[in-house]
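Below: one structure, written as structure tokens.
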Amino acid sequence: MASIQMKNIVKKYGDGFPAVNDVSIDIADGEFVILVGPSGCGKSTLLRMIVGLEDITSGDMVIGEKRVNDLAPRDRNLAMVFQNYALYPHLSVYENIAFPLRLAGAKDEEVDAKVREASKTLELDEHLERKPANLSGGQRQRVAMGRAIVRDADAFLFDEPLSNLDAKLRGQMRSEIARLQKKLGITTVYVTHDQTEAMTLGDRVAVLKRGLLQQLASPRELYGNPC
Ligand code: ADP
Ligand code: ADP
């Protein structure tokens, strides 16, 4: 796990108005921060700069103690949890979770120990032989998170993970993600345009508008007490 510090981050595409304009956010180790705002406000661009999929025009991106501006995505030790979870349909839950370890050439004993530990934490240990098609949406989400856990990633990054789901499932998944993030205590950055997610999920909410950081506060400070 690690903190993420963004200092005066700017992203310009061509000569136009910056997509991200002098944004500074300090995310503490273990904190859950939501990036929210209307379409086109720069949320995805900011997330992609954290992961390393987009070059930073100016500013500093610091993960843990390390400035990562010039590091390739694979050297940043972050885990992007993709929309639709990107699970391998022909592989069991076990092998889906094991996948990054196999790719890294880990020994069978290490793979087994890590997969079993992660699947216990995620309450998937009863389902290791199943294929993704036979899992609930919540279980699939957990498999995707399991893959990130076995890698000992410093942070989870989510880009609108629930936007393709119907309202009921979205509600369930929201609770699931909140519960797991608390349990795991892993630094999390979560992009959404959904107010409900912003109000209920994170420790803090960063509101972006036209590339500018407009507000950075707890959900309660921003939206009032929902009760
Ligand atoms: P959001 O995720 O909040 O919807 P984005 O980060 O995708 O917003 O986009 C922010 C701004 O940057 C938008 O004006 C968008 O059109 C622009 N933009 C994003 N990607 C590119 C690109 N590859 N080339 C040029 N402009 C881009
Ligand atoms: P190999 O074919 O490499 O010898 P094994 O089938 O003997 O691998 O399994 C090695 C370890 O991995 C065992 O501890 C086993 O429990 C675990 N394992 C492998 N595949 C699965 C699976 N699909 N479900 C649960 N455990 C598995």
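Any residue in the stretch 90-98 that is in contact with a helix residue (DSSP H, G or I) (Cβ under 8 Å, 6 or more places away or on another chain), without any contact (Cβ under 8 Å) to a residue 40 or more places away in the chain and closer than 26 Å to Phe32 by Cα? Within the stretch 90-98 (the criterion being in contact with a helix residue (DSSP H, G or I) (Cβ under 8 Å, 6 or more places away or on another chain), without any contact (Cβ under 8 Å) to a residue 40 or more places away in the chain and closer than 26 Å to Phe32 by Cα), the answer is no, since none of the residues qualifies.
Of the listed requirements (1) more than 24 Å from Arg174 (Cβ to Cβ); (2) touching a Phe, Trp or Tyr at 6+ places or on another chain (Cβ under 8 Å); (3) of a type in the set (Val, Ile, Thr), Val111 misses just one: (2).
Tell me, please, whether a residue that is surrounded by 14 or more Cβ atoms within 10 Å (Cβ to Cβ) and in contact with a helix residue (DSSP H, G or I) (Cβ under 6 Å, 6 or more places away or on another chain) can be found in the stretch 56-69. Yes, there is a match, as at least one residue in the stretch 56-69 is surrounded by 14 or more Cβ atoms within 10 Å (Cβ to Cβ) and in contact with a helix residue (DSSP H, G or I) (Cβ under 6 Å, 6 or more places away or on another chain).
Whether any residue in the stretch 10-19 is closer than 26 Å to Glu197 by Cβ, under 19 Å from the mean Cα position of the chain (by Cα) and touching a residue at least 24 places away in the same chain (Cβ under 8 Å) is what I want to check.
No; the residues of the stretch 10-19 include none that is closer than 26 Å to Glu197 by Cβ, under 19 Å from the mean Cα position of the chain (by Cα) and touching a residue at least 24 places away in the same chain (Cβ under 8 Å).
Ser44 meets the conditions (1) surrounded by fewer than 20 Cβ atoms within 10 Å (Cβ to Cβ); (2) in a helix (DSSP H, G or I); (3) away from ligand 1 (no atom under 16 Å from the Cβ); (4) among the polar types (S, T, N, Q) in every case but one. The failed one is (3). Cβ-Cβ contacts under 7 Å between residues 6 or more apart (or on different chains), taken from a first residue in the stretch 47-58 that is within 11 Å of ligand 1 (Cβ to nearest atom) and part of a loop (DSSP other than H, G, I, E, B) to a second residue that is among the hydroxyl-bearing types (Ser, Thr, Tyr) and at pLDDT 95 or above, are listed as Glu54/Thr45. Is it fair to say Arg74 is under 20 Å from the mean Cα position of the chain (by Cα), within 16 Å of ligand 1 (Cβ to nearest atom), within 19 Å of Ala153 (Cβ to Cβ) and part of a helix (DSSP H, G or I)? Considered against the rule, which asks whether it is under 20 Å from the mean Cα position of the chain (by Cα), within 16 Å of ligand 1 (Cβ to nearest atom), within 19 Å of Ala153 (Cβ to Cβ) and part of a helix (DSSP H, G or I), Arg74 comes out as no.
The values are calculated or read from the model by the stated rules, or taken from the named source; none is laboratory data. Just so it is clear, the model here is predicted, and its values are computed rather than measured. Don't worry about glycine lacking a Cβ; one is built from the backbone with ideal geometry, like all the others, and counts go over all protein chains shown.
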